[in-house]
């Protein structure tokens, strides 16, 4: 569970733009995730930022409190590590940079772990999480996210493969060293840069700074 590989939304045709090597365009927005769709319980829902924060304290926001944070709109593609790319999604949400400004990480933080419902986790380098185009999205194409696509909050990291864009986001943990998430423990690349075709753990290089991989893809 936790991430999907959607297809291109409808609307006015646009001039096609490049997609990462080894990818092909798809239409629609197919649902793909591991495990069931979680039930949303608004009275229990919050977003935590914890781990190696600069102050040593965690921050917790309710869904209503997130509405007071800065929001932006951006258009970005999504790339599944198995090959499909969907293009021209319009996302609305909170820039990851705003979270980092409000809850600064400690100086020795190198990675973050994005935690979702049912314990799904995706690890990212801090510099990937901090890019201006990383978003904690609440809306897609002007509408609230559907339950199947991550309502009420999902991570969107456009330059990485879709398993990094965790749906049903519940926490961001600051890490001082890399630690593998759900799919990374099952043989997927710890960085997952779609433009570098970093699909599988056997492709990892020493400079990736990866934690040891317990599994290799078949």
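Each reported figure results from applying straightforward, stated rules to the coordinates on display, with no laboratory input. This is a predicted model, so every value here is computed, not measured. Cβ placement follows ideal geometry from the backbone for every residue including glycine, while neighbour counts extend to all protein chains displayed.
Overview of results
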{"read-out": "Hydrodynamic radius (Kirkwood) for region 160-208, which is based on Cα pairs only, to one decimal in Å", "value": "11.7 Å"}
{"read-out": "Beta bridges per DSSP with both ends in region 44-208, % antiparallel, nearest 5", "value": "85 percent"}
{"read-out": "Label-point gap, in nm, between residue 133 and residue 179 - each point 7 angstrom along Cα→Cβ", "value": "3.0 nm"}
{"read-out": "Ordering of 139-150, 16-27, 103-114 by packing [mean C-beta count within 10 Å, highest first]", "value": "103-114, 139-150, 16-27"}
{"read-out": "Rounded FRET efficiency, nearest 0.05, which uses the C-beta distance separating residue 126 from residue 63 and R0 of 22 Å", "value": "0.30"}
{"read-out": "Hydrodynamic radius of region 44-208 per Kirkwood, over alpha carbon pairs, in Å", "value": "15.9 Å"}
{"read-out": "Sites residue 118 and residue 205 - FRET efficiency at Förster radius 25 Å, r taken between beta-carbons, to 0.05", "value": "0.20"}
